[in-house]
Amino acid sequence: MSSDADDGQPSEDRRKYEFRKVLDELDEFEGSGTQLVTIYIPEDKQISDVVAHVTQEHSEASNIKSKQTRTNVQDALTSIKDRLRYYDTYPPDNGIVIFSGAVNAGGGQTDMVTRVLESPPEPVQSFRYHCDSDFLTEPLEEMMSDKGLFGLIVLDRREANVGWLKGKRVEPVKSASSLVPGKQRKGGQSAQRFARLRLEAIDNFYQEVAEMANDLMVPERHNLDGILVGGPSPTKDEFLDGDYLHHELQDKVLGKFDIAYTDESGLYDIVDAAQEVLADQEVVKDKRQMEEFFEKLHTGEQATYGFDETRQNLMMGSVERLLLSEDLHHDVVAYTCPNDHDEFEIVERRHDVPEHTCTTCGEEAEPGEREDVVEHLIDIAEQRGTETKFISTDFEKGEQLMDAFGGIAGILRYETGV
Ligand SMILES: [Zn+2]
């Protein structure tokens with residue numbers, strides 16, 4: 001059983017799901033004016049500084065001409081200040097993001113909404129105060145995207161930089177510059193000797209760059225999702241063709257990319273240039289999960305799908321991995337009939353609870369608890385030490401999970417006959 005379940009802390013999957021749900025909700029909200037406030041607070045920012053900033057904004061808001069907007073902005077800021085009282089000197093790990101404002105509720109009405117997201121999956125990078133007609137969700141969206149660890153190497157014959165791409169964040173780590181002489185030789189040197197020295201210097205530099213990359217990436221080779229190499233031609237080609245990199249790193253190279261700069265900015269350029277390759281990589285992991293599921297489904301009994309069967313297997317502790325579609329946005333309602341048969345029905349969010357006839361005895365069943373179906377299943381999974389994977393619908397088998405299997409499936413540890 002995972003330690004997450006033991007100490008009552010929600011698992012990362014679960015937290016991500018909850019964050020995603022709040023973000024989806026926030027994306028739907030609109031303010032009728034510039035009145036939705038978002039604050040990103042890094043973990044090393046003193047709460048008292050944030051309170052001071054919010055107080056300042058509150059007083060500046062008194063200059064807003066529209067009375068309604070002014071009141072709404074000030075109400076939002078007051079609500080944020082109230083929330084900040086719950087914290088001591090500093091925010092929790094990775095910081096906090098607070099959203100507050102009066103959103104359109106239809107019919108000219110507004111609703112005051114405040115949401116606090118603590119400890120996002122990656123650290124909040126810098127303090128941001130944002131007041132607009134939408135909530136600022138993009139920085140959090142980026143953190144929510146699939147993690148992934150990629151090694152970055154950019155080089156020409158003059159300089160090189162290595163670093164990481166962690167999730168969507170580029171992290172420069174080390175750089176080197178070469179003593180490779182330019183193409184023009186000085187007077188007095190023989191052309192042949194000059195060319196030889198120059199090639200030697202280039203070779204030495206490639207070795208130095210490879211050492212720098214090996215030192216950084218070899219210890220992480222089992223966590224690496226791939227390596228991107230960039231630079232002008234023919235440098236990057238010479239570097240890769242010359243097998244300078246450790247062979248295990250060489251095998252992880254996903255591609256080489258033409259980029260103009262090889263300073264730190266080159267690390268960002270290479271990530272831009274590799275967008276398509278990176279998008280494929282995200283889906284590759286999901287594809288593997290679904291392929292394994294279909295294989296088990298076709299060759300034996302170690303697969304389950306649909307809400308009822310998967311839930312039963314989860315309760316038995318027989319599910320190794322729970323596969324949930326990222327597009328699964330439904331509730332589950334529990335029913336009990338007069339003969340005490342418990343059954344469930346999947347219901348669309350914000351739709352009324354339907355009537356339910358017991359499939360065992362045909363009696364009318366009473367609705368009980370209504371819950372988000374994903375949270376319901378993750379709860380059981382956590383208690384049974386089952387891993388949860390969210391599967392995108394950006395590929396055929398991912399779509400099938402949603403359309404043909406109701407968005408819910410599982411790979412089993414052993415056959416259960418359920
Ligand atoms: Zn019944």
Open item on the list: Taking the alpha-carbon distance from LYS287 and a cut-off under 29 Å, which lysines remain once sequence neighbours fewer than 8 residues away in the same chain are dropped?
Closed with: LYS16, LYS21, LYS147, LYS166, LYS168, LYS252, LYS256, LYS296, LYS389, LYS397
Open item on the list: Check which residues have an amide H placed less than 5 Å from GLU159's amide H, if you skip close sequence neighbours.
Closed with: SER178
Task: Cβ-based net charge around HIS351, under 15 Å, with every Lys or Arg adding one and every Asp or Glu removing one - done: -4
- [ ] State the percentage of accessible surface on segment 15-59 attributable to carbon and sulfur atoms; use a 1.4 Å probe and exclude ligands, DNA and RNA.
- [x] 45
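Find how much the distance from LYS166 to TYR414 grows on full extension, using 0.36 nm per residue of separation minus their present alpha carbon separation; answer in nm with one decimal. Present the calculation step by step, with values, prior to reporting the outcome.
Working: separation 248, 0.36 × 248 = 89.28 nm, distance 3.52 nm.
85.8 nm is the gain from fully extending LYS166 to TYR414.
Starting from 0.36 nm per residue, how many nanometres of slack lie between SER32 and ASP280 once their C-alpha separation is accounted for? Don't jump to the answer; show the numbers that get you there.
Numbers: separation 248, 0.36 × 248 = 89.28 nm, distance 3.88 nm.
This chain segment gains 85.4 nm when fully extended.
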TODO: Check the straight Cα-Cα distances from LYS81 and name the aspartates and glutamates below 12 Å, setting aside those fewer than 8 residues away within the same chain.
DONE: ASP49, GLU57
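Using the Cα centre as the reference, give the magnitude of the dipole from point charges on the C-beta atoms of segment 149-272 (Lys, Arg: +1; Asp, Glu: -1; all else neutral), rounded to the nearest 20 debye. Let's see the in-between values first.
Numbers: 16 positive and 21 negative charges, 112 e Å.
It works out to roughly 540 debye.
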Task: Solvent-accessible area per residue, Å², over segment 7-116 with all protein chains present [probe radius 1.4 Å] - done: 52
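Once you have a ≥ b ≥ c as the square roots of the Cα gyration tensor eigenvalues for segment 105-181, tell me rounded if a/c is under 1.5, and otherwise prolate or oblate according to whether a/b is larger than b/c. Please report the intermediate quantities before stating the final value.
On the way: a/c = 4.00, a/b = 3.15, b/c = 1.27.
Prolate is the answer for segment 105-181, as a/c is 1.5 or above and a/b outweighs b/c.
Can you compute the helix-only [θ] at 222 nm over the chain? Use -39500 (n - 2.57) per DSSP H run of at least 4 residues, normalise by all residues, nearest 500 deg cm²/dmol. Don't skip to the answer; put the middle values down first.
Working: 13 runs with 164 residues, N = 418.
Result for the chain, helices only: -12500 deg cm²/dmol.
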Open item on the list: Apply the a/c threshold of 1.5 to the C-alpha gyration tensor of the chain and tell me whether it is rounded, prolate or oblate.
Closed with: oblate
Open item on the list: Computing the accessible area with a 1.4 Å probe over protein heavy atoms, can you report the carbon and sulfur percentage for segment 96-207?
Closed with: 45
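Averaging sequence separations of C-alpha pairs under 8 Å and six or more residues apart, then dividing by the length of segment 313-418, give the relative contact order as a whole percent.
Numbers: 188 pairs, mean separation 44.7, N = 106.
Once normalised by length, the contact order is 42 percent.
Using a probe of 1.4 angstrom, how much of the accessible area of segment 248-326 is carbon and sulfur, in percent? List each step's numbers first, then the result.
On the way: 1760 of 4110 Å².
The nonpolar share, carbon plus sulfur, comes to 43 percent.
Expressed as a rounded percentage, what relative contact order does the chain have, with Cα pairs under 8 Å and six or more residues apart? Mind showing how you got there, number by number?
On the way: 735 pairs, mean separation 56.7, N = 418.
Once normalised by length, the contact order is 14 percent.
Which shape class applies to segment 329-418: rounded if a/c is under 1.5, otherwise prolate when a/b exceeds b/c and oblate if not, where a ≥ b ≥ c are the square roots of the Cα gyration tensor eigenvalues?
It is prolate, given that a/c is not under 1.5 and a/b is the larger ratio.
Residues of segment 244-304: accessible area per residue at 1.4 Å, in Å²? Please report the intermediate quantities before stating the final value.
Details: 3540 Å² over 61 residues.
Using a 1.4 Å probe on heavy atoms only, each residue of segment 244-304 averages 58 Å².
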- [ ] Among DSSP beta bridges whose residues both lie in the chain, state the antiparallel percentage, nearest 5.
- [x] 80
- [ ] Extending each Cα 7 Å along its Cβ direction at GLU18 and ARG370, get the distance between those two points in nm, one decimal.
- [x] 2.2
Task: LYS65 versus ASN223: modelled label distance in nm, points set 7 Å from Cα along the beta carbon direction - done: 5.4
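With every protein chain present, what is the per residue accessible area of segment 317-418 (1.4 Å probe, Å²)?
On the way: 5070 Å² over 102 residues.
Normalised by residue count, the accessible surface of segment 317-418 is 50 Å².
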Task: Full-extension gain in nm, VAL116 to GLU348, via 0.36 nm per residue minus C-alpha separation - done: 81.0 nm
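The values are calculated or read from the model by the stated rules, or taken from the named source; none is laboratory data. This structure is a prediction, so every number in the text was calculated from the model and none was measured. Here the Cβ is made from the backbone with ideal geometry for all residues, glycine too, and neighbour counts use every protein chain on show. SASA here: full protein model, heavy atoms, side chains in, ligands and nucleic acids out. Shrake-Rupley method; radii C 1.70, N 1.55, O 1.52, S 1.80 Å.
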